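Asker: Have a look at this one.
The values are calculated or read from the model by the stated rules, or taken from the named source; none is laboratory data. From a predicted model like this one, the values you see are computed outputs, not experimental measurements. With ideal geometry, Cβ positions are generated from the backbone for all residues, glycine too; neighbour counts draw on all protein chains shown. In case anyone asks, the SASA skips ligands and DNA or RNA and just uses the protein heavy atoms, side chains included. Shrake-Rupley method; radii C 1.70, N 1.55, O 1.52, S 1.80 Å.
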Amino acid sequence: MGERNYRGNQHASGDRPSRLAHLPALDGLRGLAVIAVVLFHSGAGPFQRGGFLGVDLFFVISGFLITSLLLVEHRATGRVDLWAFWGRRIRRLAPALLLVLCAVALYGRLELSADALDRLRGDLLAATGYVANWRFVADNAGYFEALRAPSPVQHTWSLAIEEQFYLLWPLMVVGLLTLGRGRHRWLLGATVAGVMASAIASAWLHTSGDDPARVYFGTDTRAHALLIGAALGIALTGRPARADRWRRVIDVGGIVAAGGLAWAWMTVRGSDDWLFEWGFVAVAVASAVLVLAVVHSPRSLLARGLSWRPLAAIGVVSYGIYLWHWPVIIALTNARTGLAGAWLLGARLVLTATLAVVSYFVIERPIRHGWRPALAARTRLVRAGWGPVAVAAVILAAVWSTSGAGDEGDGSHLVSSTGIEARPASSEAPAASTDVLLLGDSVSFALGAGWGTEQKETGAHLALGAVIGCGVVSGSPVREHGVATQESDQCPRWEELWQHAVATADPDVVVLLVGRWEVRDRHHDGEWMHVGQPAYDAYLREALGRGLDIAASPGAPVVVLTTPYYGGLEAPDGSRFAEDDPGRVDVFNEILRQSVGAAQQSHLAPLSLLDLNEVLAPHGHFVDHLDGIELYNEDRVHLSVPGAAWVWEQILPPILAAAAHFGDR
């Protein structure tokens, strides 16, 4: 990610260098940063909470080095060769990235579902064009994106921000140096203003409880870290070192900054509001102080510790480690390997390190420098011509690997923008049909998507009343995969929307399926609660009672489906997220049984309970496949179209029997 190290040697006069020389301590800082990020994504080790802040250290180092390079070149030659600069950046960053993208495309072709492939195509193209961060801002705005498996290239958001910086920042540097007649005053002032503008944008755009994707992935809201590094580069380049006067202060500041970063990496959570208001800026400032300390005093105890050879070696290949670690985590799961805990972490680390080292010695170094003089001519050809060919190869791989996506099923049109739509009766359905209304959330919607020809042949017609993203409980925020998010704006209106569906469908039988939103952690009455806690259970019973009242209001039979066990997305350490705990599902289903029993006493229309886990979990635990059918989408929560069709084959006969029995009375 950017230049590998700081090339600086000092003149006897004490002036800053006119050229840059290698500092192993900066490699050590890169090594620490990538270790923090990998442990965070792996959900292991001391940095599993705040290790994502290692990216901010990368940003600061990159801003510092790039700005220093530009200013040193301008000082030595009176100009900046922008084309040469951009060419070096491309040779440094693009080859390894394109290799990873091709590997992910092949993985997607072999492993992902049609729906996931459709999204992966756009992700790969966005990563190739270094705009992945903005794609993830857009994608994360949707409810279904929050439940789908994470993209294998989601980590390229930070590379996109850096590359956008590398494109635009040199132009600003040249322009401001020209305006200031070579002096740095204008450039430093504009940089500080940019830091302030980025920090203000981050605080302004962040709202407590909202999905933080816009602020976290945005170039404008994360640019402050790169600019803080740039400001440090401006302040140091071409100025007296004043080593004797400031050395002790800077050394102490570096140790304090190192301690602060270690604390943040171990304790901070991505859902902390203060992080977006001022925390990211504080982390970037601490990172800049740490960089200053090792650059200013390269022989200090701190710098020597960071220069430890194993740590510096990790820093040398940190770019490859960063590129490969996330796809490896996505591919090497507990389900695929049978490993968990330390064994799973070890397998991921070994494979990531192997791929990174191979990438460095086989791809990155040859393209940048050549293997040996005998291959110099060949290397020049590779360096000159690989770019367009490699980019074309990735684009072709992205298109080929995702071809045929979106062919799965015919239920995608079932839901309107309001989250509710009654499906019109088929002209092929028998005249004496049974009108079935399906109420619920997105899991209910996925079940409805499997309604097809075989169900129509029974003489039944389906109306779908699914409110996407909402159950019978309401209130924000809720926790999704450990992160606090806002519920849909429709959720406070779920009763109104269900009532509209009931009035529109005029059903002969109502089927009700909820539970996914009910088993999540939810902020209720000023504190976080979940199913199994008395106060929350009381609220849940009351909400279920209101939902059952609406379902029974037409006077038709009501068949309530228990919520099934969820496979869910795997936590980085191979464990389950809280909402996928089968124990929570059991508690919810017991409350559901009690609520149905209570409602049976107060409604003339018959209410019955159908245990969906007897169908989907016949052995008492979650399974992906039954009868050769892949039951779920890649999120292992929502039924696939073939899986939903198979479920209807099992549950529709008793549902129609309930309607027929009531009609005969």
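Asker: Among the residues of segment 308-323, how many are assigned to a helix (DSSP H, G or I) and either over 10 Å from residue 356 (Cβ atoms) or open to solvent by 20 Å² or more (accessible area, probe 1.4 Å) (or both)?
Answerer: Going through segment 308-323 one residue at a time, the tally reaches 9.
Asker: Okay, moving on. Does segment 118-125 include one or more residues that are assigned to a helix (DSSP H, G or I), charged (D, E, K, R) and closer than 27 Å to residue 286 by Cα?
Answerer: Among the residues of segment 118-125, not one is assigned to a helix (DSSP H, G or I), charged (D, E, K, R) and closer than 27 Å to residue 286 by Cα, which makes the answer no.
Asker: Has segment 81-90 got any residue that is assigned to a loop (DSSP other than H, G, I, E, B) and free of Cβ contacts under 8 Å to residues at least 60 places away in the same chain?
Answerer: yes
Asker: Could I ask something else about it? Out of 69, 124, 97, I need the residue that is among the hydrophobic types (A, V, I, L, M, F, W, C) and more than 21 Å from the chain's Cα centre (by Cα). Which one?
Answerer: Going through 69, 124, 97 in turn, the sole match is 69.
Asker: Find the residue count for segment 153-171, including only residues that are surrounded by 15 or more Cβ atoms within 10 Å (Cβ to Cβ) and in a helix (DSSP H, G or I).
Answerer: The number of residues fulfilling the criteria is 13.
Asker: Could I ask something else about it? Given the options 283, 295, 289, 252, name the one that is farther than 26 Å from residue 186 by Cα and part of a helix (DSSP H, G or I).
Answerer: Step by step, each of 283, 295, 289, 252 is checked, and only 252 is farther than 26 Å from residue 186 by Cα and part of a helix (DSSP H, G or I).
Asker: Using the structure shown, decide if residue 193 is within 19 Å of residue 223 (Cα to Cα), small (Gly, Ala, Ser), modelled with pLDDT under 95 and open to solvent by 30 Å² or more (accessible area, probe 1.4 Å).
Answerer: no
Asker: Spot the failing condition for residue 44; the list is (1) part of a helix (DSSP H, G or I); (2) at pLDDT below 85; (3) open to solvent by less than 30 Å² (accessible area, probe 1.4 Å), and only one is missed.
Answerer: Failing condition for residue 44: (1).
Asker: Is it true that residue 59 is under 26 Å from residue 173 (Cα atoms), buried (at least 24 other Cβ atoms within 10 Å of the Cβ) and over 21 Å from the mean Cα position of the chain (by Cα)?
Answerer: So residue 59 fails the test.
Asker: Say whether the condition of being open to solvent by 40 Å² or more (accessible area, probe 1.4 Å), β-branched (Val, Ile, Thr) and either closer than 24 Å to residue 249 by Cα or in contact (Cβ under 8 Å) with a residue 40 or more places away in the chain (or both) is met by at least one residue in segment 262-269.
Answerer: yes
Asker: So, restricting to strands (runs of 3 or more DSSP E) that lie completely within segment 457-502, which ones have at least 1 residues that are of a type in the set (Gly, Ala, Ser), within 20 Å of residue 272 (Cβ to Cβ) and under 32 Å from the mean Cα position of the chain (by Cα)?
Answerer: So the answer is 483-485.
Asker: Please work out which one of (1) open to solvent by less than 10 Å² (accessible area, probe 1.4 Å); (2) under 25 Å from residue 127 (Cβ atoms) is the condition residue 38 fails and give its number.
Answerer: (1) is the only condition that residue 38 fails.
Asker: Test residue 457 against the criterion of being of a type in the set (Asp, Glu), farther than 26 Å from residue 581 by Cα and open to solvent by 10 Å² or more (accessible area, probe 1.4 Å), and give yes or no.
Answerer: So residue 457 fits the description; yes.
Residues checked against (1) under 25 Å from residue 524 (Cα atoms); (2) of a type in the set (D, E, K, R); (3) crowded, with 17+ Cβ neighbours inside 10 Å; (4) at pLDDT below 90:
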residue	(1), (2), (3), (4)
538	yes, no, no, no
544	yes, no, yes, no
547	yes, no, yes, no
553	no, no, no, yes
556	no, no, yes, yes
559	no, no, yes, no
562	yes, no, yes, no
570	no, yes, yes, yes
574	no, no, yes, yes
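Asker: If you don't mind, there's one more thing I want to ask. Taking interchain pairs and intrachain pairs at least six residues apart, which have beta carbon atoms under 9 angstrom, with the first residue in segment 628-643 and at positive phi and the second open to solvent by less than 40 Å² (accessible area, probe 1.4 Å) and assigned to a helix (DSSP H, G or I)?
Answerer: Qualifying pairs under 9 Å: 636/580.
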